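Notes follow the structure.
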Amino acid sequence: MMSNLFSIFDPSTNIFNLSLNWLSTFIGIMFLPFPYWFLPNRHFIFWNFITNKLHNEFKMLLGINSFNGSTFIFISLFLFVLFNNFLGLFPYIFTSTSHLTMSLTISLTMWLSFMIFGWINNTQHMFIHLIPQGTPTILMPFMVMIETISNIIRPGTLAVRLTANMIAGHLLLTLLSNSYHNLTSYLLIILIFIQIMLLILESAVAVIQSYVISILSTLYSSEIN
């Protein structure tokens, strides 16, 4: 019996006060294809197709000044978030991306690395970004303040967007699953159908949110070059 609706997100499984639910983060490693085949299997071909598409898109967003192999950072981010979002839809598997502890750690680490690299290597270029082209002289101090604030809140918006979308879908599924008491057979069939449709929607949200966080991280990275 749940004492609190949000208790489904609590990492309560532990041994010797060590939380075990966070180990679900590494379950996605089992889904990676292993190159132990004489001929590529369909699983391997499928993941190669996805990573090649992502590589081409991220390469286009990063521009010609990007370093070779920089797209693999964002491909790894996409796959990592995708595995955690999707596995959280299975019963009794902890969704680590529904916690700000995980999502804020990812976004803040990447944002800090971008900022440190940009201000050390492209200082003048970073100052140019604070004042958009064509800004009147009298508005320049205000534009610097606005651009600085919008830059600082970027990791927070990335983390909250991912966490809020994961929590919202899981809460809706939980609320509907707890409302089956005293329902007639016809209403129960309708409820099951709605649950299936919501599960399909959540599967799409899991893919979309992992794509969104990787694309936005790519765009933020492209601004420092």
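LEU89: modelled with pLDDT of 85 or more and closer than 28 Å to ALA168 by Cα, yes or no?
Answer is no for this residue.
What do you reckon, is THR105 outside any loop (DSSP other than H, G, I, E, B), surrounded by 14 or more Cβ atoms within 10 Å (Cβ to Cβ) and within 20 Å of the chain's Cα centre (by Cα)?
no
Condition test on PHE44, is it free of Cβ contacts under 8 Å to residues at least 60 places away in the same chain and surrounded by 15 or more Cβ atoms within 10 Å (Cβ to Cβ)?
Criteria met by PHE44.
Any residue at all in the range 185-201 that is more than 29 Å from the chain's Cα centre (by Cα) and at pLDDT below 80?
Checked the range 185-201: at least one residue is more than 29 Å from the chain's Cα centre (by Cα) and at pLDDT below 80.
Being of a type in the set (A, V, I, L, M), in a helix (DSSP H, G or I) and within 22 Å of the chain's Cα centre (by Cα): is that true of ILE128 here?
No; evaluated as a whole, the condition is false for this residue.
I'd like to verify a number: residues in the range 84-101 that are in a helix (DSSP H, G or I), surrounded by fewer than 21 Cβ atoms within 10 Å (Cβ to Cβ) and touching a helix residue (DSSP H, G or I) at 6+ places or on another chain (Cβ under 7 Å), how many?
Counting residues in the range 84-101 that are in a helix (DSSP H, G or I), surrounded by fewer than 21 Cβ atoms within 10 Å (Cβ to Cβ) and touching a helix residue (DSSP H, G or I) at 6+ places or on another chain (Cβ under 7 Å) gives 3.
Hey, could you check the range 149-195 for residues that are exposed (fewer than 13 other Cβ atoms within 10 Å of the Cβ) and of a type in the set (S, T, N, Q) and say which is nearest to THR109 (Cα to Cα)?
Within the range 149-195, the match that is nearest to THR109 (Cα to Cα) is THR157.
Does ILE146 fit the bill of being surrounded by 13 or more Cβ atoms within 10 Å (Cβ to Cβ) and more than 27 Å from TRP22 (Cα to Cα)?
Yes; evaluated as a whole, the condition is true for this residue.
Residue under question is SER66, and the condition is that it be of a type in the set (S, T, N, Q) and either part of a helix (DSSP H, G or I) or within 21 Å of ALA204 (Cα to Cα) (or both); does it hold?
no
The values are calculated or read from the model by the stated rules, or taken from the named source; none is laboratory data. This one's a predicted model, so the numbers in the text were calculated from it and none came from an experiment. Positions of Cβ are backbone-derived with ideal geometry, glycine not excepted, and every protein chain shown enters the neighbour counts.
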